[in-house]
Amino acid sequence: MRYLPLTSDDRTAMLAAIGAGSIDDLFADVPEAARLSGPIPGLPLHASEMAVERHMAALARQNMAAGDGPFFLGCGAYRHHVPASVDHLIQRGEFLTAYTPYQPEIAQGTLQMMFEFQSQVARLLGCDVANASMYDGSTACWEAIAMARRVTRRGKAILSSGLHPHYVSVAKTMARFTGDVLETAAPALGPDPDFAALLDAIDDDTSCVVVQYPDILGRVGDLSELAAAAHAKKALLVAVVTEPVALGLLKAPGEMGADIVVGEGQSLGVGLQFGGPYAGLFACSEKLVRQMPGRLCGETVDAEGRRGFVLTLSTREQHIRREKATSNICTSSVLCALAMSIHMTLLGEKGLRDLAAINHAAAVDAAARLAKVPGIELVTDRFFNEFTIRLPQEARPVVRALAGRGILAGVSLGRLYPDEPGLANGLVVAVTETTPAADVDALAEALQEVLA
Amino acid sequence: MTINQSGWRPARPLEGDAEPATFTGNRALMLEEPLIFEIGSGATTGVDFDAPALPAGGLGGLLRTAPIGLPGLSEPETVRHYTRLSRQNYAIDLGLFPLGSCTMKHNPRLNERVARMPGFADLHPLTPVDACQGALAVIDQLAHWLVTLTGMHSVAMSPKAGAHGELCGILAIRAALDARGEGARKTILVPESAHGTNPATAAFAGYAVEDIPATPDGRVDTAALIARLGPDVAAVMITNPNTCGLFERDMKTISDAVHAAGAFVYCDGANFNAIVGRVRPGDLGVDAMHINLHKTFSTPHGGGGPGSGPVVFSAALSPYAPLPFVEKTADGFRLVEEETAGEHHAGSFGRMTAFHGQMGMFTRALTYILSHGADGLRQVAEDAVLNANYVLRSLQDVLDAPFAAAGPCMHEAIFSDAGLAEGVSTIDVAKALIDEGFHPMTMYFPLVVHGAMLIEPTETESKAGLDQFIGALRSVAERAKAGDPGLKTAPHHAPRRRLDETLAARRPVLVWKEPVAAAAAAE
């Protein structure tokens, strides 16, 4: 077995050194009835690298990858070009195969990267501080709601109807067990975010208002008024960003008064990966830092006075506080955070702004092109790189039909909101720098044929 | 928060430290590296774009006009920055990484190649189901292996890491109790030796946590546990093999008693590597157990994640498992999500994460499992246990091994600080191991052993490698028993000397800020 260095001579010598007669003696504490006498029947035996690669490659080929044809899927996961050096660098064994930096003297590489990541994310989201990552955007969103409860000592969160429905589902699942009250609604298929309804809903029991920016239909709006209204009732504004590239063009939620900004880092450096692993982003104002979940890296000095970095404020965390911790999170997404951090470093402010502008311009052009298809109506008028169109029929079968033609046309709202017939004709279309204009034409022509 | 002082400051040599300072602060291959904020600029970029169009008018007041403050580097500078940083890390690729309860084993590179196949890496999570049958097949095949290896009934694949898996298991237990009208069960029993995530998870799910004591032989006090069972107890969380590296011999007895009392058994599967292929937790009466794919099944830990924590369930808990999951039908695989769950999975407690879990870890774990096969996985457990016992028996004459007399250990060997000289403690032993070129063992955990040193070599270490590690630790232990003062200032040869963690926590500097002088000059 190629991954096991011990030879049978080694095993014999080691058993002799230990004073054990056989390997079975080492499992003597396992009750007789629970010991398996040999390999579990019905499972295959070991296989060569070539055979395993062949097996997995055959499975990979049964999937329609984003690069296989015209591609317009978004809704919480976005296709962007990731520079080749990102993947090279995260495969450095010293990053890839390191553990959580519990011994900082020999983990400065990971720790400094975490510090840089925290600094980049805080600036990108417009906040004072950020942590070293959560599992993903959806779990970060729930953690923000739980944190708002700890900060305000109130248990009612108002969730915007524009919040990703999976994020809403996660929050509902958790709230069922924690006793938090969530106010939720399905979105209306219209041009404006639901801020007016949110403003009406804020009251003295509200812990936080949770608003996605851009929202699930791609819409954007100014969060300042929401922030002011929340603060007037001593509630927090939680903003959720599932497409961080947008913040190269649009004001950051923190700049508009959001107290906690969470997000999904996937679109910078991480890749699609069928939904995970991704990188949850979590940032907030400085005064809330001791209520934050997750790992934090901080600057300090070593015994010779040299700058160095350590995990810090760990009295918030489970390995110290056990049942009194702010969260049970332990392992997070550091390697994905590294990928995102490297991509942001390659881009820099200029690159990020250019990338965002290109995304937006491509999406505006694509929206105009699709709106010319007979029967299609553009729903969203203010958006970043993702917009919603209304088809003259249910979108879900159309998406399936176009997939059969090699085009991944977008995410049908029927898939995300199966119980909302009013949304069934909605199709969310994402356009990035990876989308050639010819692919938009191909989509428009295919839609025209299918809808005819 | 204080303004951070950036840049290199000259070393303040410790007493008796005669090494001459260098101009750069570098020491040959040990290279100092500034922060990207100190070497990059907002105008520099390592990515070329066509000139972007001016933003369309519709966004009005939402345009980001203020500087973001993100530094950029060209590609060569970027590659050098991160390569230099990487060299300040210890890693399993460099040597033995014996962190107990962490299972730092070799990460096969075939796994990386497979995960990067475009059909997996470049696949959107909302791809229509007919167009991602291969991905669903991966999930289904891995699920089959996990269920079979554990002898359980079903598996929830979506939890993102071990602690998320614990939460998944505890929520399923609570859903099952609620369904039985037994919501009054409000207590979860957790042994003292448990990982911190166990009580944190139980508390998060709304339970009171009560400690169960350990016996002097390092196991759960079965009598105390059984005596505590009653109508208020929802579940028991047990780690098996436990964090002292010992198999809980009474597991089945405990499970039977817990079930008889109407409660459930959660097993923390962090240490599954010791028994994979040799013992099925399902045969021991376990109701739910998470499996850390980043431990037993070799997916890389990446400096702190991503992990992946699928949870296997007994038949009693399976109806409450979370969404989504993959189902095999005559027409191929389908995805059971909120929409279709009502038909035959109405008891599900809901969704734990967006999308489908850590697919990138599933491809790696399945690749690893297929490489080993049923025979190879069994050999994994045997070699892991053999290596740990070899370490235990090779060092028990020089370090206190509190449970060694009672019999063999499983996948990890535990020592205490008894016998070290006055003033020398476990952390000094750990830091001295750094100078010897090894990552230290887990320190001060579990809490039931004083000054615990928990060593898990894993099966991917050779005998020669173990012998070298044993020699190094023996040497350090002898110095520790003799009271060698050099241990207190170790490490001496790492990129950094001991770091001031108290300062970091007292005056937290969590993000980079412009140094005061530079900021003033810019105004």
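The values are calculated or read from the model by the stated rules, or taken from the named source; none is laboratory data. Bear in mind the structure is a predicted one, so any value in this text is a computation, not a measurement. Neighbour counts are summed over all protein chains in view; Cβ atoms, including those assigned to glycine, are modelled from backbone coordinates with ideal geometry.
The number of residues in the stretch A:228-255 being more than 14 Å from every other protein chain (Cβ to nearest Cβ) and assigned to a loop (DSSP other than H, G, I, E, B) comes to 3.
A single entry from B:Ser314, B:Ser394 fulfils the requirement of being in contact with a helix residue (DSSP H, G or I) (Cβ under 6 Å, 6 or more places away or on another chain) and more than 27 Å from A:Gln273 (Cα to Cα): B:Ser394.
When the stretch A:105-114 is filtered for residues that are within 7 Å of another protein chain (Cβ to nearest Cβ) and either assigned to a loop (DSSP other than H, G, I, E, B) or touching a residue at least 24 places away in the same chain (Cβ under 8 Å) (or both), the ones remaining, listed by number, are A:Glu105, A:Gln108, A:Thr110, A:Gln112, A:Met113. Kindly indicate whether A:Ala84 is out of contact with any Pro (no Cβ under 7 Å at 6 or more places or on another chain), more than 7 Å from every other protein chain (Cβ to nearest Cβ) and free of Cβ contacts under 8 Å to residues at least 60 places away in the same chain. Criteria met by A:Ala84. Going through the stretch A:1-17 one residue at a time, which ones are crowded, with 18+ Cβ neighbours inside 10 Å, assigned to a helix (DSSP H, G or I) and of a type outside the set (Lys, Arg)? Result: A:Asp10, A:Met14, A:Leu15. Evaluating A:Ala98 against the criteria (1) free of Cβ contacts under 8 Å to residues at least 24 places away in the same chain; (2) in contact with a Ser or Thr (Cβ under 8 Å, 6 or more places away or on another chain); (3) outside any loop (DSSP other than H, G, I, E, B) leaves one unmet condition, (3). For the stretch A:63-78, filtered to residues that are assigned to a loop (DSSP other than H, G, I, E, B) and within 7 Å of chain B (Cβ to nearest Cβ), the residue that is surrounded by the most Cβ atoms within 10 Å (Cβ to Cβ) is A:Gly76. If you go through the stretch B:413-443 and keep only what is in a strand (DSSP E or B) and farther than 18 Å from A:Gln103 by Cβ, you end up with B:Ala413, B:Ile414, B:Ser416.
When every residue of the stretch B:309-325 is checked against the conditions, at least one turns out to be modelled with pLDDT under 95 and out of contact with any Asp or Glu (no Cβ under 7 Å at 6 or more places or on another chain). If you go through the stretch B:323-348 and pick out every residue that is surrounded by 15 or more Cβ atoms within 10 Å (Cβ to Cβ) and either outside any strand (DSSP E or B) or among the basic types (Lys, Arg) (or both), you end up with 10. Counting only strands (runs of 3 or more DSSP E) that fall entirely inside the stretch B:211-301 and contain at least 1 residues that are surrounded by fewer than 24 Cβ atoms within 10 Å (Cβ to Cβ) and in contact with a Ser or Thr (Cβ under 6 Å, 6 or more places away or on another chain), the qualifying elements are B:233-239.
Take A:Tyr102 and decide whether it is more than 7 Å from every other protein chain (Cβ to nearest Cβ) and over 30 Å from A:Leu249 (Cβ atoms). Yes, satisfied. Taken over the stretch B:68-88, residues that are at the interface with chain A (Cβ under 7 Å from one of its Cβ atoms) and either farther than 30 Å from A:Thr97 by Cα or of a type in the set (D, E, K, R) (or both) amount to 4. Listed by first and then second residue, the pairs linking a residue in the stretch A:35-60 that is over 30 Å from B:Leu284 (Cα atoms) to a residue that is charged (D, E, K, R) and at pLDDT 95 or above, with Cβ atoms under 8 Å apart and 6 or more places separating them unless they lie on different chains, are A:Glu49/A:Arg2; A:Glu53/B:Arg113. A:Asp9 meets all of the listed conditions (1) of a type in the set (D, E, K, R); (2) closer than 30 Å to A:Ser412 by Cα; (3) more than 7 Å from chain B (Cβ to nearest Cβ) but one, namely (2).
When A:Ala171, A:Ala196 are checked against the criterion of being without any contact (Cβ under 8 Å) to a residue 60 or more places away in the chain, among the hydrophobic types (A, V, I, L, M, F, W, C), surrounded by fewer than 16 Cβ atoms within 10 Å (Cβ to Cβ) and not assigned by TED's automatic domain parsing to the domain that holds A:Val429, a single residue qualifies: A:Ala196. Of the residues making up the stretch B:471-496, those that are within 26 Å of the chain's Cα centre (by Cα) and under 30 Å from B:Val220 (Cβ atoms) number 1. Residues in the stretch A:422-450 that are part of a helix (DSSP H, G or I) and either of a type in the set (D, E, K, R) or at pLDDT below 95 (or both): A:Asp439, A:Asp441, A:Glu445, A:Glu449.
From B:His195, B:His164, which residue is part of a loop (DSSP other than H, G, I, E, B), under 20 Å from the mean Cα position of the chain (by Cα) and not assigned by TED's automatic domain parsing to the domain that holds B:Pro402? Matching residue, one of B:His195, B:His164: B:His195.
Taking the numbered list (1) at pLDDT 95 or above; (2) not in a loop (DSSP other than H, G, I, E, B) in turn, B:Thr45 passes all entries but (2). Candidates are the residues of the stretch B:451-468 that are assigned to a loop (DSSP other than H, G, I, E, B) and either out of contact with any Asp or Glu (no Cβ under 6 Å at 6 or more places or on another chain) or of a type in the set (Gly, Ala, Ser) (or both); the one that is farthest from B:Pro213 (Cα to Cα) is B:Ser462. Once the stretch A:369-415 is narrowed to residues that are without any contact (Cβ under 8 Å) to a residue 24 or more places away in the chain and facing chain B (nearest Cβ under 10 Å), the residue that is nearest to A:Phe72 (Cα to Cα) is A:Ser412. Out of curiosity, is A:Ala28 outside any loop (DSSP other than H, G, I, E, B) and either surrounded by 19 or more Cβ atoms within 10 Å (Cβ to Cβ) or on the phi < 0 side of the Ramachandran plot (or both)? No: the conditions fail for A:Ala28.
The condition of being among the acidic types (Asp, Glu) and more than 23 Å from A:Ala77 (Cα to Cα) holds for only one of A:Glu317, A:Glu264, that being A:Glu317.
One line per residue, one yes/no per condition, for (1) surrounded by fewer than 23 Cβ atoms within 10 Å (Cβ to Cβ); (2) part of a strand (DSSP E or B):
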{"site": "A:Asp365", "(1), (2)": "yes, no"}
{"site": "A:Leu370", "(1), (2)": "no, no"}
{"site": "A:Pro374", "(1), (2)": "yes, no"}
{"site": "A:Thr388", "(1), (2)": "no, yes"}
{"site": "A:Pro392", "(1), (2)": "yes, no"}
{"site": "A:Pro397", "(1), (2)": "yes, no"}
{"site": "A:Ala403", "(1), (2)": "yes, no"}
{"site": "A:Gly406", "(1), (2)": "yes, no"}
{"site": "A:Pro418", "(1), (2)": "yes, no"}
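Annotation: of all residues in the stretch A:47-62 being farther than 13 Å from B:Gly119 by Cβ and in a loop (DSSP other than H, G, I, E, B), the one that is nearest to the other protein chains (Cβ to nearest Cβ) is A:Ala47.
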